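This report concerns only the one structure given below.
The values are calculated or read from the model by the stated rules, or taken from the named source; none is laboratory data. For clarity, every value in this text was computed on a predicted model and none was experimentally measured. Virtual Cβ from ideal backbone geometry, glycine too; neighbours counted across all protein chains shown.
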Amino acid sequence: LDRLFARHEALRSVFVAPQAKPRVEILPPDAGLPVSEHDLRQRADTEAALSDLCHEEERTPFDLARGPLIRGRLVRMSDEEHVFLLTQHHIISDGWSMGVLVRELGSLYRAFVAGQDDPLPPLAVQYPDYAAWQRQWLSGERLQKQAQYWREALSGVPSMLALPTDRARPAQQSFAGASVPVVIDVDLTRDLKRRSRQHGTTLFMTVLAAWAAVLSRLSGQNDLVIGVPSANRGRREIEELIGFFVNTLALRVDLSGEPSVSELLERTRRTTLAAQEHQDLPFEQVVEIVRPPRALDHTPLFQVMLAWENHAGPSFDLPGLSVEAADGLDQVK
């Protein structure tokens with residue numbers, strides 16, 4: 001963990017604002033990743049104690065100005081069983097980064113257990129290099145072209161998706177909610193893939209079109225916007241970096257004129273490809289450009305998302321250990 005902390009400058013980033021001028025500073029490589037240890041082996045209520053520790057961990061804030069913005073907890077349940085919590089602030093990491101972290105942690109663990117040196121090749125660039133390049137690249141005519149696309153694509157969009165609800169929208173968002181799993185079986189998945197091939201769409205585009213159709217039927221609106229997270233890692237040099245690269249695209253789907261399935265898929269395909277060609281402009285800048293009506297009770301531009309995760313969850317391959325994700329917790333343990 002200390003080696004990973006030293007390797008990735010994003011993990012060592014802190015965010016300060018002297019005289020109200022925000023800037024990023026990097027902690028020294030030898031600062032170390034903080035890990036606390038908890039021994040529950042003598043406790044009769046180990047599961048309850050573990051639950052308390054997990055809740056304490058998720059409620060403990062980070063200090064953006066002091067850092068580190070990543071921390072771990074090792075919980076000893078018995079001589080043979082341990083639970084490891086790793087918590088990161090989203091400002092320094094994203095979903096793709098978790099795959100990088102797990103792979104590199106596994107490589108380091110296997111090497112160090114065998115008494116070998118660090119096997120990881122040096123990183124060609126660091127996250128601050130990418131940030132500096134992005135500011136330079138996304139400027140001038142290129143910036144104007146991206147801004148103009150989103151200004152035109154989202155001009156006149158409805159301010160809110162009017163879904164029927166069982167209670168009034170609160171005056172301010174609370175983000176309290178729950179999840180309802182929906183499983184698409186093998187047969188339906190096969191049919192969706194076949195339909196996608198027939199119409200020249202990806203499976204994502206087909207599911208997006210179907211989701212839009214459902215939302216249109218529920219809301220009675222034929223003009224709606226769906227938010228879609230984008231990994232935003234279009235350059236090979238940054239694929240092996242830990243850091244926050246993800247962006248959000250506001251995809252406007254047109255269901256006017258009672259389109260057929262074929263027509264809706266074609267509209268969705270065109271919208272998706274155009275948005276991906278202009279995905280470099282950060283979403284917060286898109287909001288500033290479009291200037292939708294703002295209110296505390298809903299997010300601007302869209303209130304519904306489709307997050308397409310077409311990669312397997314991270315898995316550890318550590319010699320001498322059996323590692324699995326703990327049920328009901330987001331952290332890898």
Looking at THR189, is it within 27 Å of the chain's Cα centre (by Cα) and in contact (Cβ under 8 Å) with a residue 12 or more places away in the chain? no
Which of the residues belonging to region 151-165 are part of a loop (DSSP other than H, G, I, E, B) and surrounded by 10 or more Cβ atoms within 10 Å (Cβ to Cβ)? LEU154, VAL157, PRO158, SER159, MET160, LEU161, ALA162, LEU163
Do you know which residues across region 268-292 are of a type in the set (Lys, Arg) and surrounded by fewer than 18 Cβ atoms within 10 Å (Cβ to Cβ)? ARG270, ARG291
Could you list, in sequence order, the residues of region 114-130 that are surrounded by 13 or more Cβ atoms within 10 Å (Cβ to Cβ) and free of Cβ contacts under 8 Å to residues at least 40 places away in the same chain? ASP129
For THR299, indicate whether it is within 22 Å of GLU152 (Cα to Cα) and at pLDDT 95 or above. no
For region 223-255, how many residues meet the condition of being in a strand (DSSP E or B) and not acidic (Asp, Glu)? 14
Looking at the structure I just gave you, is VAL102 assigned by TED's automatic domain parsing to the domain that holds VAL16, buried (at least 17 other Cβ atoms within 10 Å of the Cβ) and touching a Pro at 6+ places or on another chain (Cβ under 6 Å)? yes
Restricting to region 50-94, and then to whatever is assigned to a strand (DSSP E or B) and within 21 Å of the chain's Cα centre (by Cα), can you tell me which residue is nearest to ARG12 (Cα to Cα)? ILE70
Restrict the check to region 23-45 and report whether at least one residue is surrounded by fewer than 10 Cβ atoms within 10 Å (Cβ to Cβ) and closer than 18 Å to ILE91 by Cα. yes
Residues in region 14-30 that are modelled with pLDDT under 95 and assigned to a helix (DSSP H, G or I) total 3
If the requirement is being assigned to a loop (DSSP other than H, G, I, E, B), closer than 30 Å to ILE70 by Cβ and at pLDDT below 95, which of these qualifies: ALA168, ALA176? ALA176
Test ARG269 against the criterion of being of a type in the set (Lys, Arg) and in contact (Cβ under 8 Å) with a residue 60 or more places away in the chain, and give yes or no. yes
